[in-house]
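Shown next, in structure tokens, is the structure this report addresses.
We did not get these values from a lab; they are worked out from the coordinates using the rules stated. Note that this is a predicted model, so its numbers are computed, not measured. Neighbour counts run over all protein chains shown; Cβ positions are idealised from the backbone, glycine included.
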Amino acid sequence: MKKIKVVIDTNVFISGIFWSGNSYKVLDLWRKGYLQNYTTLSILSEIADVLKEFRIKMSEESIYSWYKLIGENSVILHEDILFSSSFAIFSTNKKSVAKLFYSLSSKEFTVPETGEGQAALSAVLYKINIFCI
């Protein structure tokens with residue numbers, strides 16, 4: 001089975017860890033091996049920081065377990081080469097995706113609005129599919 005290459009945004013991890021819904025479904029597909037997550041050390045660090053400061057408190061052990069799970073089951077790349085191939089990005093925040101693209105590509109990029117904010121976007125740029133969930 002060929003895995004779909006994805007970049008799972010911090011917001012999707014946080015939402016999927018604490019609640020059911022689309023973010024949980026993405027994490028479930030990743031844990032079952034249908035998705036190959038690509039990440040960076042800064043994204044891993046951001047996930048850990050958000051979990052430490054989140055309004056729903058987790059033990060240090062649980063935070064470390066998630067950090068380890070994500071790190072061991074993801075391909076960790078340098079930020080400069082993260083988007084040198086085809087990926088799907090899962091995010092709950094279209095502004096963070098636009099900011100990420102702008103910082104990596106030095107080109108302005110906007111993510112179009114969706115009717116309900118839950119449907120997958122059809123935007124494709126640099127061979128990357130973006131899904132705001």
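Computed quantities for the displayed model
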quantity	calculated
Exposure proxy order (Cβ contacts within 10 Å, fewest to most) of VAL75, VAL50, VAL6	VAL75, VAL50, VAL6
Which listed pairs, of LYS2/LYS25; LYS5/LYS52; LYS3/LYS68; LYS2/LYS32; LYS32/LYS57, have C-alpha distances above 23 Å, in listed order	LYS5/LYS52; LYS32/LYS57
Amide H contacts under 5 Å for VAL7, placed H, 5+ residues apart	TYR38, ALA88, ILE89, PHE90
Distance (nanometres) between label positions extended 7 Å along Cα→Cβ at SER62 and HIS78	3.7
